[in-house]
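Here's the structure, in structure tokens; my notes come after.
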Amino acid sequence: MRLTPIVVLILATTLIRFAFAATTGLGVDESYMIAAGRHFAFSYFDHPPLSWWLSHGAAVLVGAEASVVVRAPFILLFALSQWLTFLIGRRVGGERAGFWAVVALNLSPVFGLTTGTWVLPDGPLDCGLLAAVACLMRALSPAEGCDGGNSPVTPGHDGGRWANEGGLADGGRIGWWLAAGACAGLAMLSKYSAVLVIGGAFLFFLATPSHRRLLARSGPYLAVLAAATVFSPVLIWNARHGWASFAFQGDRALGLQFHPLAPLTTLGGEALFVLPWIWAPMMLLLIRTFRAGAPWPDRLLAWLAIPPIVLFVVLSLWSRQRILFHWAAPGYLMLFPLLGRAMAEREGVPWVRRTVRVTAALLLGAMLIMATQIQLDWLGPGLALLKRDPTLEGMNWASVRDDLLARGLLPADTVAAAFNWRDAGKFGYALGPAVRMLCLSGDAREFRFTAPPARFAGQTVLLLSLDPPARAAAVAAPWFASVDLLPGASVRLQGRQLAPVTILLGHGLRATPQSEAGRS
């Protein structure tokens, strides 16, 4: 059996990601998702449930929470995302366009590194969106007399031709509409921002006369029904918990201050995350898509991309929270097929191949540096000079567990706690599923639902903190009848201490801190 270049590319990059996953620890967000998500729920506080289900399911299936185990579903999903990108790229520009679209996708750090490897909602989000787009393109293609939508559409072959050949006359093939809706629902089941890309599809229908008539057909509404059905567990969870997740995410967009330069910062950050030499041609292609005579698949991808890219730039003008640069990534994801076609048209140009090789070398070099630092700490002497060693966030804090086990501080049914959700995630993942982890904070995120302090009222709790002893004791005091200071531990790598850990023993946990209890 002869392996095609796209299959070789997907297999090779997937193997690289598995190696990277096995040699690096979980980051802060990843550790938090594992530690707070050791239970099944219809949804979760921060995000919809799909990414939580995948990581927890992998851990239960294998019986371990090793980084490569919990990351495996996300690596495999990115392999599928690569294949879907290839199919969409082939649809808009042929085999070579699809291949180069996947090459560019792998080279962009926000996709090829973080989304493609880490335990984050973005992996299933992107895969669901790409699958929805692939199905939607099939639903909009002729049902008969063609190859089912696999051949590229060239300028001049507009949606009007499809409307007259049966593909749009009956509203498209219902099965593909339902599949598009179900995949869109899976994307929404991963991250709420999926709705922005989905909304772009309706903007496309409204803005394209040859496709506007579809809004009078059943296909789009069956797709919406399918998406809503898949998304329904999130609605059920929120209804049972006072719409907490919707309120949390909605509050992040609110604000009263005006930040006139924030849009430039947001676009600049997004460009860095995508890579400037990938981002700039993408933006140019997006603008060119709206020229007269552009094929309808090009315009569809452009309309899908616009809402997340534009909305987060606009929100940055007044949002009380800094807009994170990866939030708009689903919009840029839609532009890789167009970029792939442009690269295919210039693949013989020396600077194009040279740019690809240099970018690949930089990305692989960065991954190698991170992995070997976690394994060997060869950058330790230099990093020790920094105020906070970045290695601390990218490694597992197993040394803390080892210290506690050696001192007999982790008996059966141990209840532990930290004072912010980030540390609770890192400590909770390190201590393992046998230890119940609490977060004693007003911003406990998912820990507020999985391990509310009221459930453990009156118990003795092992307290872990990166703060100095005096500060940690002051933070702990309102939560307990009494607090004892124990000898500390440390987060260590290859014998080097990265951070001291304060250990306290709190007796008589209160359901709410004393100051709050007094006010009530």
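What is the stretch 170-270 by shape, rounded, prolate or oblate, if you read a ≥ b ≥ c off the alpha carbon gyration tensor as root eigenvalues and call it rounded for a/c under 1.5, prolate for a/b larger than b/c, and oblate otherwise?
In terms of gyration-tensor shape, oblate.
Starting from the residue with the highest accessible area, list 13, 4 in decreasing order, probe 1.4 Å. Write out the running numbers ahead of the final one.
Working: 13 20, 4 55 Å².
My answer, sorted largest first, is 4, 13.
Using a cut-off of 10 Å between beta-carbons, work out the net charge of the residues near residue 321 (Lys and Arg +1, Asp and Glu -1, residue 321 not included).
Numbers: positive: 252, 320, 322; negative: 251.
In short, +2.
Based on the mean of other Cβ atoms within 10 Å per residue, sort peptides 423-431, 292-300 so the most packed one is first.
Working: 423-431: 26.7, 292-300: 18.6.
Going by the mean number of other Cβ atoms within 10 Å, highest first, we get 423-431, 292-300.
Going by amide H atoms built from the backbone, whose H comes under 5 Å of the H on residue 491, apart from near neighbours?
Placed amide hydrogens put 498, 499, 501 under 5 Å from residue 491.
In Å², what does the accessible area per residue of the chain work out to with a 1.4 Å probe?
Numbers: 22000 Å² over 520 residues.
Spelled out: the 1.4 Å probe surface of the chain, per residue, equals 42 Å².
For residue 465, enumerate residues with amide H under 5 Å from its amide H, sequence gap 5+ or separate chain, H modeled in the peptide plane.
So residue 465 has HN proximity to 502.
Only helical DSSP H runs with n ≥ 4 go in: add -39500 (n - 2.57) per run for the chain, normalise by residue count and round the 222 nm mean residue ellipticity to 500 deg cm²/dmol. Intermediate results must be reported in sequence, preceding the final value.
Details: 25 runs with 302 residues, N = 520.
Estimated from H runs of four or more residues: -18000 deg cm²/dmol.
Can you tell me, using C-alpha contacts under 8 Å and at least 6 residues apart, the relative contact order of the chain as a whole percent? Walk me through the intermediate numbers first.
Details: 886 pairs, mean separation 91.2, N = 520.
Over the chain, the number comes to 18 percent.
For the stretch 231-367, what class follows from the C-alpha gyration tensor (a ≥ b ≥ c being the square roots of its eigenvalues): rounded when a/c is under 1.5, otherwise prolate if a/b is larger than b/c, else oblate? Display every interim value, and only then the final one.
Numbers: a/c = 1.96, a/b = 1.74, b/c = 1.13.
Because a/c hits 1.5 or more and a/b exceeds b/c, the stretch 231-367 counts as prolate.
Taking R0 as 22 Å, what FRET efficiency do you get between residue 247 and residue 512 from their Cβ-Cβ distance, rounded to the nearest 0.05?
Details: r = 20 Å, r/R0 = 0.92.
For residue 247 and residue 512, the calculated efficiency is 0.60.
Of 374, 432, 458, whose Cα points farthest to the positive end of the dipole of the stretch 363-475 (charges on the beta-carbon: +1 Lys, Arg; -1 Asp, Glu; origin at the Cα centre)?
Result: 458, furthest along the dipole toward the positive end.
Using a Förster distance of 41 Å, how high is the FRET efficiency between residue 235 and residue 361, based on the Cβ-Cβ distance and rounded to 0.05?
Details: r = 46 Å, r/R0 = 1.13.
Plugging the Cβ-Cβ distance into 1/(1 + (r/R0)^6) gives 0.30.
Under a 1.4 angstrom probe, counting protein chains only, how are 349, 435 ranked by accessible area, largest first? Let's see the in-between values first.
Details: 349 50, 435 15 Å².
So the residues, ranked largest to smallest area, are 349, 435.
Using alpha carbon centroids, what distance separates the stretch 262-284 and the stretch 24-41, in Å?
Cα centroid to Cα centroid, the span is 29 Å.
Where in the stretch 342-402 are there trypsin sites (Lys or Arg not before Pro) that are in a DSSP coil and have at most 14 other Cβ atoms within 10 angstrom of their Cβ? Could you put the intermediate results ahead of the total?
Values: sites: 346, 353, 354, 357, 387, 388, 401; in loops: 346, 387, 388.
Sparse-neighbourhood loop trypsin sites (Lys or Arg not before Pro): 346, 387, 388.
What is the extension gain from residue 409 to residue 261, computed as 0.36 nm multiplied by their sequence separation minus the C-alpha to C-alpha distance, in nm to one decimal? Walk me through the numbers before you get to the answer.
Working: separation 148, 0.36 × 148 = 53.28 nm, distance 5.10 nm.
Length gained between residue 409 and residue 261: 48.2 nm.
Determine the dipole magnitude for the stretch 284-390: charges of +1 sit on the beta-carbon of Lys and Arg, -1 on that of Asp and Glu, nothing else is charged, the reference point is the Cα centre, and the result goes in debye to the nearest 20.
Values: 12 positive and 5 negative charges, 59 e Å.
Value, rounded to 20: 280 debye.
What is the spin-label model distance, in nm, from residue 353 to residue 22 if the labels are put 7 Å beyond Cα along the C-beta direction?
Taking the simple label geometry, residue 353 and residue 22 are separated by 3.3 nm.
How much accessible surface area, in Å² rounded to 10, belongs to the heavy atoms of residue 174 with a 1.4 Å probe?
60
In the chain, what percent of the accessible surface is made up of carbon and sulfur (1.4 Å probe, ligands and nucleic acids excluded)?
Details: 14640 of 22000 Å².
Summing carbon and sulfur atoms, their accessible area is 67 percent of the total for the chain.
Can you tell me how the chain classifies by the Cα gyration tensor, rounded, prolate or oblate, using a/c under 1.5 as the rounded cut? Please list the in-between numbers first.
On the way: a/c = 2.24, a/b = 1.71, b/c = 1.31.
Prolate shape, in that a/c is at least 1.5 and a/b is the bigger ratio.
Net charge within 15 Å of residue 335 by Cβ-Cβ distance, Lys/Arg positive one each and Asp/Glu negative one each, not counting residue 335 itself?
+1
Can you list which of the chymotrypsin sites (Phe, Trp or Tyr not before Pro) found in the stretch 1-75 are DSSP loop residues with at most 12 other C-beta atoms within 10 Å? Walk me through the intermediate numbers first.
Details: sites: 18, 20, 32, 40, 42, 44, 45, 52, 53, 74; in loops: 40, 42, 44, 45.
Passing both the DSSP loop test and the Cβ count: 40.
Hey, can you rank 66-73, 178-185 by average C-beta count inside 10 Å, highest first?
On the way: 66-73: 21.4, 178-185: 24.0.
Final packing ranking: 178-185, 66-73.
The values are calculated or read from the model by the stated rules, or taken from the named source; none is laboratory data. Here the structure is a predicted model, which is why all the values come from computation and not from measurement. With ideal geometry, Cβ positions are generated from the backbone for all residues, glycine too; neighbour counts draw on all protein chains shown. Just so you know, the surface numbers come from the protein's heavy atoms only, side chains and all, with ligands and any DNA or RNA stripped out. Shrake-Rupley method; radii C 1.70, N 1.55, O 1.52, S 1.80 Å.
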